[in-house]
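Notes follow the structure.
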4 protein chains.
Amino acid sequence: MLEQRETLHPLAARFAQVRQHTMALAAPLSDEDCQAQSMPDASPVKWHLAHTTWFFETFILEPFEAGFAPFHSAFRVLYNSYYNGVGAQYSRPQRGLVTRPSRSDVVAYRENVDARMLALLARGRSPELTALVELGLQHEQQHQELIVTDVMHLLSMNPLFPAYQPEAMLPALGGPFLWRDFAGGVVAVGHDGEQFHFDNELPRHRQFLEPYQLASRLVTNAEYLAFVADGGYNEPSFWLAEGWDFVRANKLSQPLYWHRQDGHWRVFGLDGLTDLQPDAPALNLSYFEASAYAQWAGARLPTEAEWEHAALTDPSLPQMFGTAWQWTSSAYAPYPGFRAAPGAVGEYNGKFMVNQYVLRGSSLATPPGHSRATYRNFFPTGARWQFSGIRLAR
Amino acid sequence: MLEQRETLHPLAARFAQVRQHTMALAAPLSDEDCQAQSMPDASPVKWHLAHTTWFFETFILEPFEAGFAPFHSAFRVLYNSYYNGVGAQYSRPQRGLVTRPSRSDVVAYRENVDARMLALLARGRSPELTALVELGLQHEQQHQELIVTDVMHLLSMNPLFPAYQPEAMLPALGGPFLWRDFAGGVVAVGHDGEQFHFDNELPRHRQFLEPYQLASRLVTNAEYLAFVADGGYNEPSFWLAEGWDFVRANKLSQPLYWHRQDGHWRVFGLDGLTDLQPDAPALNLSYFEASAYAQWAGARLPTEAEWEHAALTDPSLPQMFGTAWQWTSSAYAPYPGFRAAPGAVGEYNGKFMVNQYVLRGSSLATPPGHSRATYRNFFPTGARWQFSGIRLAR
Amino acid sequence: MLEQRETLHPLAARFAQVRQHTMALAAPLSDEDCQAQSMPDASPVKWHLAHTTWFFETFILEPFEAGFAPFHSAFRVLYNSYYNGVGAQYSRPQRGLVTRPSRSDVVAYRENVDARMLALLARGRSPELTALVELGLQHEQQHQELIVTDVMHLLSMNPLFPAYQPEAMLPALGGPFLWRDFAGGVVAVGHDGEQFHFDNELPRHRQFLEPYQLASRLVTNAEYLAFVADGGYNEPSFWLAEGWDFVRANKLSQPLYWHRQDGHWRVFGLDGLTDLQPDAPALNLSYFEASAYAQWAGARLPTEAEWEHAALTDPSLPQMFGTAWQWTSSAYAPYPGFRAAPGAVGEYNGKFMVNQYVLRGSSLATPPGHSRATYRNFFPTGARWQFSGIRLAR
Amino acid sequence: MLEQRETLHPLAARFAQVRQHTMALAAPLSDEDCQAQSMPDASPVKWHLAHTTWFFETFILEPFEAGFAPFHSAFRVLYNSYYNGVGAQYSRPQRGLVTRPSRSDVVAYRENVDARMLALLARGRSPELTALVELGLQHEQQHQELIVTDVMHLLSMNPLFPAYQPEAMLPALGGPFLWRDFAGGVVAVGHDGEQFHFDNELPRHRQFLEPYQLASRLVTNAEYLAFVADGGYNEPSFWLAEGWDFVRANKLSQPLYWHRQDGHWRVFGLDGLTDLQPDAPALNLSYFEASAYAQWAGARLPTEAEWEHAALTDPSLPQMFGTAWQWTSSAYAPYPGFRAAPGAVGEYNGKFMVNQYVLRGSSLATPPGHSRATYRNFFPTGARWQFSGIRLAR
């Protein structure tokens, strides 16, 4: 446990707060829940607990701590996710097989690194160190969201449909549907470089937008159900060719977490299996499904520039943040003039800029303070286990 | 054989010419060469001969010919590529198993449809009919290029490395390397709608470009060899993450058609296996390889808007057309306001706008008259059997 | 063409006859038919034509012909099936991609080797040479059967269901069903070593058989249809566990070549698609299907020793030869004291003695003179494209 | 915990003892160790704990207990391994994803069923009930061995190579190598039907054996190392064809648990990673490896009849039991006259009698009292995670 002493520097206090929040997310889970890996794209919660710690140890303690010695020599490989610049990585699809170190070993690892980090921060905070600590905290917040989505996917594989948190956060409702008008023109896109941002949000640059309209809220369960009921998953003309292949190869007929039981639609969520709520936003949709729905609805998905411009110019739009990530039609690509950071940290974003699509906003699982209009989330077109929804454009 | 009568209307004459060119491309090939399918992405030459004919029969003769009856009732399914609006399709990876109809049956099919098409065209040419004929001819020209690339891939699987045409066209050389400057700004992108164009080139719209530079020519074999020799295929930092997975999964160490024999580099081409020509452009590269090379070279790939703007504003640029398709960093996506054509013909382009990247220009295998600055070719990131090369930008 | 001169030695005459029979089997086929490979387990007819020739060139001409020079240096690898002792092999699943050499090139190869073989045989026939020639001819006869089964599988993939030979041989009918009694005891199994035999038929040895009964004929289409109609493919209790996995993975509901059209059962055969003949034997069944049928019928499959003993002691049993190979419950294994021949020829049989099951008898596609009671055919449990049927035991 | 009251009937006492031994095997393991599944062929320890309990609940309590009610309605599917006669089964490869019920829930399930079983047994023990209890105990003993082999495989995937039990049982040594002679003839094979036996050991029947020799002990690590050092994994002539494909597909160069570190051979075992012991038996070998070693050594594997006859006639043979299961060349097949038990229990053995090979003896992980000369263990040819070794014959 980290002690919250009054004398903590704000950065150290924030460090302690973020780290504790991760532990709080794991608190409702058994050791077994934290061990299992439900698919190669997901990771065990225990791995998330360790990897976020590895990030601080590798990128901060190793270069900044005097007399640095690793907590455990094997962890450098075991908890490296994908940083080739750091060295080899343990096989991703087999993360669920590492039963030792135990969860309590990993918690001890966290406590050790936390203590050393706080000691380091107490000795001074150069701009470089501050920037890396902030990056580590933002990184940990991203994994906080993944802990929620990964464990929910794991529990969804259980025929008993256990709840992660019975008193789970509910998605916000969006009110009546309206088209909002935006004039477009040459607009600025990307972060201004002040405050924290990821490298993929830079540089701020100009794009030309034709006039467009954006939906005032996300597509609801009732609306998506109308698409399903209209034969949406049986009619190829709604789907991208690769999406139609995806539907047939996986025999899809509905969203990932929807279940038809005794003539009623039920939806699996953080609180287990409950009746479908018509006014709640449709969640856990892939890009393919979002695209097909938009085609069926006679609309389209927005580009990320359209979404960002709207978010910045009309702060009154409901459900932009905190409900569901919103698929855009923009492939994840570098902004003009993009430069990855030097060193292994530069592998954070740039190398993933292919065959993925940008999602904007944030979701009910995004930790507080981790949202902004220029934020670029990204996933492959078949990803369905995130809290991803649809905001239409035209 | 189509008779070239003096009295042919220009559209009919063009029809006859394009159709004959397809037959000329198949002329050097045996029935066996025309039968085999080397991979699911490629098709047998015999299938190309039949499918292009099916296109005219299905989309023109069926609606326009009085008393239409199909040449063979089974061909509607057998030679449908991917048009769900027309109905079922024969399994694509098994096209090489259809030994009957024979090649001579398919040639008879071509001759039958040719004669009926010419008779139809002799009776009148409404704008709608004219547009569909032109689409059919452009479609056939696309398959002419595929005939060349597919048969070359087939012959590359043969340990004897037979030549398709000993007197094959050679790629043009590009001269000295220079960076050409372009000022950018708000530029118009897309086709103006006059003359033939595909639906994906519309609508003409505005984009904002930051100032940029484009290479005066394509990357040469000698330059790409330097990348290989520098350990290009062994160093993950040059590669997109998915590209690096691609390299390792396929154990790649060089371009698809390069062979190391007795200490010498040899390259398979339309004229068989010959010594690597240092000044010739590096060909048959995937997007992943193009991206990795650019990263190694300290540059990047151009966007498709940059490429198009340069092509339109500097006609003196060498190797823009007729040598190799040039990978851009632009994912294949609809232009703002894009509308697919109604009916099955609307499946031509739009449904492929995901997880593919745009190539611009044209190649040595592109038939004459089938190139323009607004043309958008597209392939997945792992495609290596096209005549695809690299033009750097920065 | 081989000339049948009166002065030919009987071995040479037999050589000429067997070689000509192979050509006759290919005569109804186009070059395209001879090129295609329908699955990795099957081979193109052109490959069979070449490989059987390679066998004589490699195992006879190379050691016995004075001044031997290969017909083509690349053929040693190209047409080697699986003899590691000879060297590398061309990838089996890609045999259908070798469009050159053409069929006419392969025929020229055959004629060249035939002429050299006849010249060699005219100069003398040592026992060793005679034995190898006979092995080569028996080997060619095995491939004659494969030509028929492989081309039938290829044509079955064609939605037009073309016939290989409209006047195809029909399977013999078996008459009324009777149980025949055999007393068992210590019986001799295996070939006595006189006349031609494969090494896997040796040594003749003793086995103890409990008393048993064998069906007087093969299971008919009508009988197998009763199994299908009784839900045979939907009830796991009839199937071996691995067979049930096979049924579900491949979504099987009937034999490979059975088709349900407009309420009628039709069967694909050498003469195309025809109505199911109730009294004809059920053909093209896998071991899994044979086993499941036997379980449903309250019987079992015979062991190979039982089958052989019955064949030798009751020559009046119908359909033992010339109709369908008959699955036995015996895994393909070496007889006690089995010794493979030295050298590459020793790879003929022994190395396949695992995870395959023995079939006894011969089929309508087996060439004349290639059957005997001790003959051991073998295929994996999922093989369905051979003329394989069921004779029950209990 | 089961109370060991003095008044327990011997069958109840044995029930309590076997059930407690299972718990003792899991005692050194954490909840995380018990959760993970390292491959589809293995199961989580927690699943073994539950499935063995399910066996008693389903096959004994359900039919015999008055007023039976299931402990949990979902367990019927969740812990059914492969009994189609009982109904659906949870997906085998996903057993590691069921984090709830927890291990403590499963222990409660065990305790509940134990108490009800003991109460049932206290009320009377009909022959049918006694037979089913004994079958359930033998079944549980089989899973006791699987707990050891499955958890060892799991731990072997961990780069830290943790030990299951530091004080693990060591395999017995076998002494000097000798060939032992057996005269053969008509011998009896199979269980006599007295005492407990599985249905696959019946009926006792006659087989004829040619004279043979059997090795006095198992192949040692030193001997197997000589095979490895002689290029055993690089020379196809030692291997069955399918075995050679297995070697190449899996890039094998040594046994599963052997590791070459700094020029020394080390072996992973129940006590972690230790130096290779030359005189200890080579363990964890597949059938393919056993067959290749025998070929290299100029010998062969025994048939199961040879092994059984030797075990019964020469009780002085070392290492027949308690060290390693010994591959035989006999495919797993029904004995003449074999009849599976009626009902779902009949799925225990018969349906697996295809494409597997028989192992005889028992291993260091086989629980006490679970060995006999007629016992038929069986695994597919590629299985390497069992304690399986080689005893040569000729």
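The values are calculated or read from the model by the stated rules, or taken from the named source; none is laboratory data. Bear in mind that the values here come from a model prediction, so they are computed numbers and not experimental data. In this analysis, Cβ positions are derived from the backbone assuming ideal geometry, glycine residues included, and neighbour counts consider all displayed protein chains. SASA here: full protein model, heavy atoms, side chains in, ligands and nucleic acids out. Shrake-Rupley method; radii C 1.70, N 1.55, O 1.52, S 1.80 Å.
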**Prompt:** For residue A:107, which of the numbered conditions (1) within 20 Å of residue A:40 (Cα to Cα); (2) over 19 Å from the mean Cα position of the chain (by Cα); (3) assigned to a helix (DSSP H, G or I) fails to hold?
**Reply:** (1)
**Item:** Qualifying residue in the range C:304-315 (condition: open to solvent by 20 Å² or more (accessible area, probe 1.4 Å) and within 11 Å of another protein chain (Cβ to nearest Cβ))
**Value:** no
**Message:** Please verify whether residue B:84 is part of a loop (DSSP other than H, G, I, E, B), in contact with a Pro (Cβ under 7 Å, 6 or more places away or on another chain) and surrounded by 15 or more Cβ atoms within 10 Å (Cβ to Cβ), treating the condition exactly as stated.
**Reply:** yes
**Request:** Within the range D:365-384, identify whether any single residue is of a type outside the set (Val, Ile, Thr) and over 30 Å from residue D:83 (Cβ atoms), and answer yes or no.
**Result:** no
**Request:** Any chance you could count how many residues in the range D:189-205 are surrounded by fewer than 16 Cβ atoms within 10 Å (Cβ to Cβ) and either free of Cβ contacts under 8 Å to residues at least 12 places away in the same chain or away from every other protein chain (no Cβ under 14 Å) (or both)?
**Result:** 5
**Prompt:** Identify, please: which residue in the range A:275-290 is out of contact with any Ser or Thr (no Cβ under 8 Å at 6 or more places or on another chain) and open to solvent by less than 50 Å² (accessible area, probe 1.4 Å) and is, among those, nearest to residue A:228 (Cα to Cα)?
**Reply:** A:289
**Asked** Which of the residues belonging to the range A:147-188 are within 14 Å of chain D (Cβ to nearest Cβ), open to solvent by 30 Å² or more (accessible area, probe 1.4 Å) and without any contact (Cβ under 8 Å) to a residue 40 or more places away in the chain?
**Response** A:159, A:160
**Asked** Would you pick out the residues in the range B:206-239 that are outside any helix (DSSP H, G or I), open to solvent by less than 50 Å² (accessible area, probe 1.4 Å) and facing chain A (nearest Cβ under 9 Å)?
**Response** B:208, B:209, B:210, B:212, B:239
**Residue match in the range C:35-53 (condition: surrounded by fewer than 19 Cβ atoms within 10 Å (Cβ to Cβ) and out of contact with any Pro (no Cβ under 9 Å at 6 or more places or on another chain))** = no
**Prompt:** Residue check: is residue C:298 within 26 Å of residue C:229 (Cβ to Cβ) and out of contact with any Leu (no Cβ under 7 Å at 6 or more places or on another chain)?
**Reply:** yes
**Fill in**
Within the range A:321-355, the residues that are open to solvent by 10 Å² or more (accessible area, probe 1.4 Å), more than 9 Å from every other protein chain (Cβ to nearest Cβ) and among the aliphatic types (A, V, I, L, M) are A:340, A:341, A:344, A:345
**Item:** Unique match (being away from chain B (no Cβ under 14 Å), open to solvent by less than 30 Å² (accessible area, probe 1.4 Å) and small (Gly, Ala, Ser)) among A:361, A:369
**Value:** A:361
**Item:** Whichever residue in the range A:347-394 is in a loop (DSSP other than H, G, I, E, B) and hydroxyl-bearing (Ser, Thr, Tyr) and, among such residues, is nearest to residue B:331 (Cα to Cα)
**Value:** A:381
**Asked** Can you tell me which of B:42, B:27, B:66 is away from every other protein chain (no Cβ under 14 Å) and more than 30 Å from residue B:127 (Cα to Cα)?
**Response** B:27
**Prompt:** Which members of the range A:226-241 meet the condition of being over 13 Å from residue A:297 (Cα atoms) and polar (S, T, N, Q)?
**Reply:** A:234
**Asked** With respect to the numbered conditions (1) out of contact with any Phe, Trp or Tyr (no Cβ under 8 Å at 6 or more places or on another chain); (2) within 14 Å of another protein chain (Cβ to nearest Cβ), which one is the sole condition not fulfilled by residue D:128?
**Response** (2)
**Fill in**
By residue number, the members of the range B:137-175 that are modelled with pLDDT under 95 and closer than 30 Å to residue B:214 by Cα are B:168, B:169, B:170, B:171, B:172, B:173, B:174, B:175
**Request:** At least 3 residues that are under 30 Å from residue A:199 (Cβ atoms) in each: list the helices (runs of 4 or more DSSP H) lying fully within the range A:240-339 that qualify.
**Result:** A:287-296, A:304-313
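Residues checked against (1) of a type in the set (Val, Ile, Thr); (2) within 25 Å of residue B:385 (Cβ to Cβ); (3) modelled with pLDDT under 95:
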{"site": "B:16", "(1), (2), (3)": "no, no, no"}
{"site": "B:34", "(1), (2), (3)": "no, yes, no"}
{"site": "B:42", "(1), (2), (3)": "no, yes, no"}
{"site": "B:48", "(1), (2), (3)": "no, yes, no"}
{"site": "B:60", "(1), (2), (3)": "yes, no, no"}
{"site": "B:66", "(1), (2), (3)": "no, no, no"}
**Prompt:** Among the residues of the range B:92-118, how many are within 11 Å of another protein chain (Cβ to nearest Cβ) and open to solvent by less than 50 Å² (accessible area, probe 1.4 Å)?
**Reply:** 9
